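Enquirer: Before anything else, here's the structure in question.
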Ligand code: SF4
């Protein structure tokens, strides 16, 4: 085990209510609430103290780059026509080079950044030859910012990867996933995120229902759910409950686990647990903070 600053120590950060500083305008995204659920201390570092994570994992860089290519692909299709596979691979190569930087870490021992570039190529090639070439839907919006006030204190916000209409006119929202495993129906997997986006999109249209989809790029498979207006209200109500729990929290215990290896605060967290085979992020964070002592300042 490589550990962290205080391997085995369970640290709890307590914040007096008057020192709590939610992000401006009380905006709560799905990822904000999910971060609290996964580790309240990481939530506190990121959202209350406003600290920047020391490194970006190669997996998150790959996800960002692939999403950028998909946005470009559909944007081009609506404008100048569907790009060729070759042009798509060039778009990936450009974004890949631009996305890398000093702060990118390969977390797993034996992994190489290039392996993730190859995985991105394979996913986009599969997508271009498969789902994209079959897709006869119309794009209404790409990377659409969605927002809905849920109470005086809570505003839900998020970005939908793609909003469109099927060939038969059905409204849909789709979220692209680069993860190795497909999700399940639990709230912090497939249960809330895309359905919440569908609930917000429904408010902008007269349709009685919208489809919420997750497209798994490694598996060339889309998982769909139907969101009718009644379910949309339930989803928004459930998100409000979760966000209120986060907003009302005054203790932020560390919840160490496998995600510590990918957490950009693992070099300063007293409870970090980073196994030896997953220490690339921790090592990069230490190098960067030695070089830049103000790294974790806001
Ligand atoms: S290193 Fe682990 S325990 Fe510490 S903040 Fe990050 S996820 Fe939480």
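The values are calculated or read from the model by the stated rules, or taken from the named source; none is laboratory data. Source: prediction; values computed, not measured. Note: ideal-geometry Cβ built from the backbone for every residue, glycine included; neighbour counts use all protein chains shown.
Enquirer: Being over 28 Å from residue 236 (Cβ atoms), within 14 Å of the ligand (Cβ to nearest atom) and either crowded, with 18+ Cβ neighbours inside 10 Å or not assigned by TED's automatic domain parsing to the domain that holds residue 262 (or both) is true for just one of 84, 57, 97. Which residue is that?
Expert: 57
Enquirer: Are there strands (runs of 3 or more DSSP E) fully within the stretch 208-265 with at least 1 residues that are more than 28 Å from residue 56 (Cα to Cα)? List them.
Expert: 209-216, 221-228
Enquirer: Does the stretch 41-53 hold any residues that are more than 8 Å from the ligand (Cβ to nearest atom) and within 17 Å of the chain's Cα centre (by Cα), and which are they?
Expert: Passing the criteria: 43, 46, 47, 52, 53.
Enquirer: Tell me, please, whether a residue that is in contact with a strand residue (DSSP E or B) (Cβ under 7 Å, 6 or more places away or on another chain) and part of a helix (DSSP H, G or I) can be found in the stretch 48-60. Break it down into steps so the answer makes sense when it comes.
Expert: Pass one, the stretch 48-60, residues in contact with a strand residue (DSSP E or B) (Cβ under 7 Å, 6 or more places away or on another chain): 55-58.
Adding the requirement that they be part of a helix (DSSP H, G or I) leaves 58.
Yes, that holds for at least one residue.
Enquirer: Quick one: in the stretch 74-90, which of the residues that are in contact (Cβ under 8 Å) with a residue 24 or more places away in the chain and in contact with a helix residue (DSSP H, G or I) (Cβ under 6 Å, 6 or more places away or on another chain) is farthest from residue 143 (Cα to Cα)? Write out each step before concluding.
Expert: Step one: of the stretch 74-90, the residues in contact (Cβ under 8 Å) with a residue 24 or more places away in the chain are 74-75, 77-78, 82, 85, 88-89.
Adding the requirement that they be in contact with a helix residue (DSSP H, G or I) (Cβ under 6 Å, 6 or more places away or on another chain) leaves 85, 88.
Values: 85: 22, 88: 18 Å.
Among those residues, the one meeting the criterion is 85.
Enquirer: Output the residues belonging to the stretch 236-262 that are within 8 Å of the ligand (Cβ to nearest atom) and surrounded by fewer than 17 Cβ atoms within 10 Å (Cβ to Cβ).
Expert: Those that are within 8 Å of the ligand (Cβ to nearest atom) and surrounded by fewer than 17 Cβ atoms within 10 Å (Cβ to Cβ): 257, 259.
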